[in-house]
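Where a number appears in this text, it was derived from the coordinates with a stated rule and is not lab data. All values reported here derive from a predicted model rather than from experimental measurement. Because the Cβ atoms are built from the backbone with ideal geometry, glycine has one as well, and the counts that use them run over all protein chains shown.
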Protein chains: 2
Amino acid sequence: MADLLVVGSVALDSVETPFGKVREALGGSATYFSYSASFFTQVRLVATVGEDFPESHLRLLENRGVDIGGLQTSKGRTFRWTGEYGYDLNEAKTLDTQLNVFADFRPVLGDGLGRVPYLFLANIDPELQLDVLRQMKERPRLVALDTMNFWIQGKRDALRRVLAEVDVLTINDGEARQLASEPNLIRAARAISAMGPRTVIVKRGEYGALLMTEGTLFFVPAFPLDSVYDPTGAGDTFAGGFMGYLAAQDRIDAVAMRRAIVYGSVMASFTVEDFSLKRLTRLTPAEIAERYTAFHDLIRVEP
Amino acid sequence: MADLLVVGSVALDSVETPFGKVREALGGSATYFSYSASFFTQVRLVATVGEDFPESHLRLLENRGVDIGGLQTSKGRTFRWTGEYGYDLNEAKTLDTQLNVFADFRPVLGDGLGRVPYLFLANIDPELQLDVLRQMKERPRLVALDTMNFWIQGKRDALRRVLAEVDVLTINDGEARQLASEPNLIRAARAISAMGPRTVIVKRGEYGALLMTEGTLFFVPAFPLDSVYDPTGAGDTFAGGFMGYLAAQDRIDAVAMRRAIVYGSVMASFTVEDFSLKRLTRLTPAEIAERYTAFHDLIRVEP
């Protein structure tokens, strides 16, 4: 079992969907990622929060064994995001973003973090992602990166520089097409892989995820659910299950990657069953194992 | 190996997509279905065409071994459909429909057709589908039915009557939600199953297909393709591969159903690679076997 480092955001999210709403609930890419990955391995979190960040949220992460030694409390208010979803839960509409302390976030890898063998660069400014990579004292065994349209449009050069140095990119459907300037998804994934990451994971929301690794494709559906309440954090929870499993096994071969994608999908399927991290906070390892088995049944064809 | 009967339409299609167009090309649900299924088993076709129907199209079906003894030539012109697709190839826009001889189509099952053990009721008026069922001298081992929004809206009662008597329904995503008046796809499939068909196959275009059979789910993605030219006929080709495989094996258990869905997806993936039946007419059994293997690789996770 190997340690897993995540650098990203911790936020307070206000979210409304047709099925309910929450105000200033725990959110952020690094939060979802580390909570999810904590079911698999030792997670170390680097992020920043403001002085107003509720102590209870810190306890939640600590109780899952997440090392929050790298979580800086900075002068000011915590990053806040407000968004809503319509009945088509595939796309969030951002109503308000207050970066607050996140605007001045400069990740610092203290105390042994520079040698953590598995690294996830959650969706932040690609210049910061590159800076984190530069701070690593040893090249991690696996570096995965997430990004979004905002950086593809606004910081394409920096993004291309960091992409050239990572092993895995997780990116959503439309953003993959945008990054590659290519409408066909398979050709887009291939073009992105040529930019650096030998593994490209295209996230397709309720339609599942596609893994392209060294030209080979693997497809996994989203777990079919009776009720989806809030898709916020699904992508980061997915990445947490994916990286958490790989770090726990300390394997990055193709067989492990496929299982890891299924674990990622399992974790994401729980997240969307309630708002914020609510479903994850009542999740048990037995439920994860059970849904992993159900997932196998969902996609298994006898040869 | 068991025989397979299909009752549906044979048409001349004019189709335009961003990647090209064809005028008065061979089309129709029964055409795509029987051509596809002919790679697996003996297909018997019941449909109608007008006096203007090109002899060469008949030869095409005969050369694949399709029994066209039940294809009536009626006084008048052949059914014509004109449609176009935008870059989102998931939805056709119908520009023109000329039913012609199809308006008076009354399927007649002559000469041994009443005892064919596998039956596909392609997308026609549910009253005609019911009439075909009434003409069967023996209950087939498996009856599958396809339908569309036009009948769900306009002939709901007749559709419900025939649904109560079939084993398998193939239906697309939005139409499943419409038929069940239920936005959640899993609940919609369950509600439809309660109307009669113990197996419901929801077709999701480029996102694959979902099989619900006695409460158990199976999901298969669409085969990822570099180039999709024309999605016309994909659903009927899918059904042809599905029913063709089951009839060829003469098995309707869950293991066979899953393999059949994969064969259906394989056949559909070829159809969309060119206009009309062009790709299918140059298809070889070796290519089908190869893509079936590739499909397994695409979805396989070692336990």
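Below are the figures for this structure:
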| read-out | value |
| --- | --- |
| DSSP loop chymotrypsin sites (Phe, Trp or Tyr not before Pro) with at most 14 other Cβ within 10 Å excluded, longest remaining stretch of chain B | B:88-303 |
| Cβ-based exposure ranking for B:I261, B:I186, in which fewest neighbours within 10 Å come first | B:I186, B:I261 |
| Nearest-first distances (nm) between copies at B:E127, label 7 Å from Cα via Cβ | 7.1 |
| Surface/4 estimate of mean projected area, convex hull on alpha-carbon atoms of segment A:86-179, nm² | 7.3 |
| GNM flexibility winner over chain A from A:P140, A:P224, A:P285 (Cα, springs under 10 Å) | A:P285 |
| Low-density loop positions, trypsin sites (Lys or Arg not before Pro), segment B:123-196 - DSSP coil, at most 11 other Cβ in 10 Å | B:K137 |
| For segment B:143-190 versus segment B:212-254, the gap between their alpha-carbon centres in whole angstrom | 17 |
| Contact order normalised by residue count of segment A:4-299, Cα under 8 Å, 6+ apart, percent | 18 |
| Ranking of A:K278, A:K203 by count of other Cβ atoms within 10 Å, fewest first | A:K278, A:K203 |
| B:E127 versus A:A256: modelled label distance in nm, points set 7 Å from Cα along the beta carbon direction | 6.5 |
| B:S56-B:E214 pseudo-label distance in nm [points 7 Å out on the Cα-to-Cβ vector] | 4.9 |
| Convex hull volume of chain A per residue (C-alpha atoms, cubic angstrom) | 125 |
| Lysine pairs within segment B:4-299, Cα separation less than 24 Å, 8 or more sequence positions apart or different chains | 7 |
| Ranked A:K21, B:K75, criterion: other C-beta atoms within 10 Å, fewest first | B:K75, A:K21 |
| Computed [θ] at 222 nm, helices only, for the protein assembly as shown once each DSSP H run of length n ≥ 4 contributes -39500 (n - 2.57) | -11000 deg cm²/dmol |
| Size of electric dipole in the protein assembly as shown: Cβ of Lys, Arg +1 and of Asp, Glu -1, about Cα centre, debye, nearest 20 | 520 |
| Fully extended contour minus Cα-Cα distance, from A:N184 to A:Q153, at 0.36 nm per residue | 9.2 nm |
| Estimated Rh, the protein assembly as shown: Kirkwood, alpha-carbon pairs, angstrom | 25.7 |
| Exam field: B:D157 pseudo-label spacings to other copies (7 Å along Cα-Cβ), nanometres | 7.1 |
| Exposure rule at most 10 other beta-carbon atoms within 10 Å, DSSP loop GluC sites (Glu not before Pro): chain B longest free segment | B:1-137 |
| Assigned charges on the beta-carbon of Lys, Arg, Asp, Glu; chain A dipole about Cα centre (debye) | 660 |
| Other copies of B:L99: label-to-label distances in nm, shortest first, labels 7 Å along the beta-carbon direction | 6.3 |
